[in-house]
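*Asks:* Got a structure for you, written out below as structure tokens; questions coming shortly.
The values are calculated or read from the model by the stated rules, or taken from the named source; none is laboratory data. Since the structure is predicted, the reported quantities are computational estimates derived from the model, not experimental observations. Using ideal geometry, Cβ is built from the backbone for each residue, glycine included, and neighbour counts are taken over all protein chains shown. With ligands, DNA and RNA removed, areas are computed over all heavy atoms of the protein, side chains included. Shrake-Rupley method; radii C 1.70, N 1.55, O 1.52, S 1.80 Å.
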Amino acid sequence: MATAFKKEQKAERPARGGVVTFVEAIRQGIWEEMERDERVFVIGEDVGVYGGAFKVTDGLIDYFGPERVIDTPISEAAIVGAACGAALMGMRPVAEFQFIDFISCGFDMLTNFAAKCRYRWGAGIPAVFRGPCGAGVHAGPFHSQNVESFFMNTPGLKMVEPSNPYDAKGLIKAAIRDPDPVLFFEHKKLYRLPRLRQEIPEDDYIVEIGRARVAREGHDLSIITFGAQVLTALDAAEELEREGLDIEVIDLRTLLPLDRETILASVRKTSRALILHEAPRTGGIGGEIAGLIAEEAFEWLDAPVVRIGATDTPVPYSPPLEEYHLPQVKDVVDAARRLAAY
Amino acid sequence: MTNKRGSRGKSTRANGKKRTSNRTETARTAEVVDAATVALDEAGTGEIAQRGGNGASATSVAMQTTAGRDSVHLVEIVEGVQAPAIDEGLICSLETGLTREQMLELYYYLKLTRLVEERLVNLYRQNKVIGGVYRSLGQEATAVGTCYALEPGDFIAPLIRDLGAVLTKGIRPRAIFAQYMAKAWGPSEGRDLNIHFGDMERGFIGPISHLGDMIPVMTGVLLAARMQQKKIVAIAYIGDGGMSTGAFHEGLNFAAVQRLPLIVVAEHNCYAYSTPTHKQTAVKNLADKAAGYGIPGYIVDGNDIIACYETTKRAVDFARSGGGAVLIEAKTYRRKGHAEHDDQRYVPREELELWEKRDPVDRYERHLTSQGIATREELDQITARIKQELEEEVAWAESSPLPEPERAAYNVYDNSIVPPAFRPKVLER
Ligand SMILES: Cc1ncc(C[n+]2csc(CCOP(=O)(O)OP(=O)(O)O)c2C)c(N)n1
Ligand SMILES: [Mg+2]
């Protein structure tokens, strides 16, 4: 069937590397993987001519054609299920949720089908399920969520959330090449954040899934975080430095499976741990990390493990409410001071 | 007009009869068809189109999309009828049980919807609305006309573009403005956006963003109403896109087997974000899907407010008298992008121009004046009254403070049982 609309110009192939934004890095990563491996294809709502709600897949359809850039009905269960089926057949689908909040509509497919195939009958599902997550843009309860803890208790899924362009590109490529299902969360606030613009290599590279990164080295206290909260942690660290506190920031990058070694090595060095995430605190993955530290690094601790998250509420729309709900630099600074003084 | 399909869906219209003053004497303004047959044949639709062009009654709609466009998703128009011929001078369905006062009230709500949205766009451009603005420009008649067929005790679950239904249900514009502006006096006190709030008193169930989810919810509303021996019906609105969800299917199927009085209004506005309808569904008409649920399907011209009212009225009567669920497809068009940020680069210009001529407000004004129902001056007076009202409503909303930050912590649970979710103190005792 002919498509109803044509673009006048073929999109330009993105540069390899260069100085890029977060969104551009992800787009480059998908683009290069589609060039490298013809089994890779993109599937989701409005990902074709429109290029996705956040333009992550912009131009792909012109280059790779509608067979490899598939616009779907509003049917998340079908998107996930079809990606799984295609992956079983040896393809490498990259499925997009228009907002990660809509992952709930594909929940059953992800947690029961995708996550359990290899375990049950040895059939891996090499598929990526990606989408914009996160709050702070006044988008209200249904376009702002962070969903990692919905899936943390589902063995068989991997979860990745980058905090900068370099990692975003390296991780999306690794996710596409991974033999198992990977949920890939992109904080929408980072997409075009000028502060994150960064030079990335021209050459093909990946960032290994399952490896955290020391985003800032320090000796007094470890802030363990990921995604957009890495920036909150770094800002807090800078402020605390002026008070003579030397903060280490761990950027988890992969949430499932957790990089236990990097977390534990940091806490054993600093003896103080503060876990920071943007999802509500109760039931958030901070609890899992705190449990790990309590079990494996108890003797090294000089203070209780502290968790900072959003308040235990939905994400509200109005700016004063949303600001109250989300963890702020000030909350991290205050908690870190008390933790250091404990 | 004779029905080309034969006996089924037989029209009971009295030809040439303009209107009656009895609202309950419902004229047949749409083809109601049984579960197995929905789509109109081409000859029939052609005739309808021509009659519309002559300024006479347009019944079940026939529409044409952009010439040459591959559009399996709209009822095709018979060859030889040029698009402009059916659009210029087009008025609304002549057969109606609405009184003059009711028709003017309908005009009030239609115009109110248009003007509230225009104000919202202004406020958006002044950065006073910080979330998105989702226009229903060009499709307002569907929401207003269908909702107007409900009784006060009936329920609706609107979509984001159904501001018209919300207003018709009696929600004041000030609530909408305050909500969009994230103000403390808005119905959700700044917690949610746009029309994402509810009002049980007025029969307005607050929707969520996740499309399709309101269909099963409304099924539950009606299940309960039946247990409570309430004779109410409900309208759940859904888009051409939202119909592709699993929740839609499960909800409508359940309502159908329970024979619950659920009226699903499928707003066929040709796009779901950027996706044209032929990528959502392989059926020709959305109403064709009724067959899969064993319920009646109607097709109505969504830009003819009278037809929208009459068709829904009929469905409402059918549902309320125990007939069960009904699917109404309203054929219309989304003339703006998905939201204000969307440049509509995927929409051909000609298509927009074509549909501008089919503007439902212009069309209803033309109808009211040409049929001697109201004078231009009377309509201008209504418009002036609305503008005056909106000045006050916007001023009220603007005068509201933003919510206090700590209010974010309230109302997650019943706070008489569970305390508010304040930001926890860290290492503070
Ligand atoms: C389950 C789900 N998936 C994706 C979205 C994102 N989304 C919001 S509106 C929209 C398009 C809706 O189109 P349609 O149902 O035709 O309604 P319209 O906007 O035309 O009124 C999409 C994809 C959503 N709200 N819910
Ligand atoms: Mg639509």
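*Asks:* Would you compute, for the Cα atoms of the stretch B:200-347, the largest minus smallest coordinate along each principal axis and list the three values in descending order, in whole Å?
*Replies:* Each principal axis gives a Cα extent; for the stretch B:200-347 these are 51, 27, 27 Å.
*Asks:* Name the aspartates and glutamates eligible as straight-distance cross-link partners of B:Lys284: C-alpha to C-alpha under 13 Å, and not fewer than 8 places from it in the same chain.
*Replies:* Within reach: B:Asp41, B:Glu42, B:Asp70, B:Glu76, B:Asp240, B:Glu329.
*Asks:* Now for a separate question. What FRET efficiency do you get for B:Lys230 and A:Arg118 if R0 is 51 Å and r is their Cβ-Cβ distance, rounded to the nearest 0.05?
*Replies:* With R0 = 51 Å, the Cβ-Cβ based efficiency is 0.50.
*Asks:* Can you work out the FRET efficiency for the pair B:Gln258 and B:Gln126, with r the C-beta to C-beta distance and R0 = 51 Å, to the nearest 0.05?
*Replies:* Result of the calculation: an efficiency of 0.60.
*Asks:* Report, for the stretch A:213-341, the % of DSSP beta bridges that are antiparallel, rounded to 5.
*Replies:* The antiparallel fraction comes to roughly 20 percent.
*Asks:* In terms of modelled amide H atoms, which long-range or inter-chain residues lie less than 5 Å from the amide H of A:Gly131?
*Replies:* Those qualifying (amide H under 5 Å, at least 5 residues apart or on another chain) are A:Phe97, A:Phe184, A:Glu186.
*Asks:* Hey, another quick one. Can you pull the Kirkwood radius for the stretch B:116-160, inverse mean 1/r over Cα pairs, to one decimal in Å?
*Replies:* 12.4 Å
*Asks:* Could you run the Karplus curve 6.51 cos²θ - 1.76 cosθ + 1.60 with θ = phi - 60° over the stretch B:371-378 and give me ³J(HN,Hα) per residue in whole Hz, x for Gly and Pro?
*Replies:* 8, x, 7, 8, 8, 4, 4, 5
*Asks:* Still on this structure: Would you please give the residues with an amide H less than 5 Å from that of A:Ser163, counting only those at least 5 places away or on a separate chain, with H modeled from the backbone geometry?
*Replies:* Counting only residues 5 or more places away or on other chains, the set is A:Ala168, A:Gly227.
*Asks:* So which aspartates and glutamates pass the test for B:Lys231, namely a Cα distance under 17 Å, with those fewer than 8 places away in the same chain ruled out?
*Replies:* Filter leaves B:Glu151, B:Asp154, B:Glu201, B:Asp317.
*Asks:* Run the numbers for B:Glu378 and B:Glu391: contour at 0.36 nm per residue of separation, minus the present Cα-Cα distance, in nm.
*Replies:* In short, 2.7 nm is gained.
*Asks:* Going by amide H atoms built from the backbone, whose H comes under 5 Å of the H on B:Tyr271, apart from near neighbours?
*Replies:* For B:Tyr271, whose amide H was placed from the backbone, the distant partners under 5 Å are B:Arg334.
*Asks:* Could you look at the stretch A:213-341 and say what percent of its accessible area is carbon and sulfur, using a 1.4 Å probe and all protein chains?
*Replies:* Whole-percent figure for carbon plus sulfur exposure: 47.
*Asks:* What do you get for the angle between helix A:165-177 and the principal long axis of chain A? Use alpha-carbon atoms, 0 to 90 degrees, nearest ten.
*Replies:* Value to nearest ten degrees: 60.
*Asks:* Another question, then. Once you have a ≥ b ≥ c as the square roots of the Cα gyration tensor eigenvalues for the protein assembly as shown, tell me rounded if a/c is under 1.5, and otherwise prolate or oblate according to whether a/b is larger than b/c.
*Replies:* prolate
*Asks:* A further question on this structure: For every helix of n ≥ 4 consecutive DSSP H residues, a contribution of -39,500 (n - 2.57) applies; sum these over chain A, divide by its total residues, and give [θ] at 222 nm rounded to the nearest 500 deg cm²/dmol.
*Replies:* -9500 deg cm²/dmol
*Asks:* Could you list log10 I(q)/I(0) for the stretch A:18-200 at q = 0.11, 0.13 Å⁻¹, which the Debye formula gives when each Cα is one point scatterer?
*Replies:* With no solvent term, the Cα-only Debye profile gives -0.41, -0.59.
*Asks:* Cα-based Rg (one decimal) and Dmax (whole number) for the stretch A:213-341, in Å?
*Replies:* 13.8, 44
*Asks:* Explain nothing, just the number: relative contact order of chain A, from Cα pairs under 8 Å at least 6 residues apart, as a whole percent.
*Replies:* Result for chain A is 16 percent.
*Asks:* At A:Glu295 and A:Arg192, where each label point lies 7 Å from the Cα along Cα→Cβ, what is the point-to-point distance in nanometres?
*Replies:* For A:Glu295 paired with A:Arg192, the spin-label model returns 4.4 nm.
*Asks:* Under unit Cβ charges (Lys, Arg +1; Asp, Glu -1), what dipole magnitude, rounded to 20 debye, does the stretch A:1-109 have relative to its Cα centre?
*Replies:* 300 debye
*Asks:* Leaving out ligands and nucleic acids, and using a 1.4 Å probe, what accessible area per residue does the stretch B:296-429 come to in Å²?
*Replies:* 43 Å²
*Asks:* Which of the aspartates and glutamates could be linked to A:Lys188 by a straight reach, that is with a Cα gap under 14 Å, when you skip same-chain ones fewer than 8 residues away?
*Replies:* A:Glu24, A:Glu96, A:Asp101, A:Glu161, A:Glu278
*Asks:* Each label point is 7 Å from the Cα along the Cα-to-Cβ direction; what then is the distance between the points at B:Lys425 and A:Thr282, in nm?
*Replies:* Each label point is offset 7 Å from its Cα along the Cβ direction, giving 1.9 nm.
*Asks:* Another one. Take the cross-link list B:Lys331/B:Lys387; B:Lys111/B:Lys169; A:Lys55/A:Lys189 and give me the ones stretching past 19 Å between alpha-carbons.
*Replies:* B:Lys331/B:Lys387
*Asks:* Using only Cα atoms and rounding to the nearest 10 degrees, what angle (0 to 90) does helix A:260-270 make with the longest principal axis of chain A?
*Replies:* It works out to around 30 degrees.
*Asks:* I'd like the orientation of helix A:329-341 relative to chain A: the angle between its Cα long axis and the longest Cα principal axis, in ° from 0 to 90, rounded to 10.
*Replies:* Tilt of helix A:329-341: around 40 degrees.
*Asks:* Another one. For the stretch B:278-289, what does the Karplus curve 6.51 cos²θ - 1.76 cosθ + 1.60, with θ = phi - 60°, yield as ³J(HN,Hα) per residue in whole Hz, taken in order and with x for Gly and Pro?
*Replies:* Using θ = phi - 60°, the values come out as 5, 9, 8, 8, 9, 7, 6, 10, 4, 5, 4, 5 Hz.
*Asks:* Bin width 20 Å, origin at 0, all Cα-Cα pairs of chain A: what percent of pairs per bin?
*Replies:* Percent of Cα pairs in each bin: 32, 57, 11, 0.
*Asks:* Rounded to the nearest 0.05, what FRET efficiency do B:Glu105 and B:Ser321 give with R0 = 25 Å and r taken as the Cβ-Cβ distance? Could you check?
*Replies:* Here the calculated transfer efficiency is 0.50.
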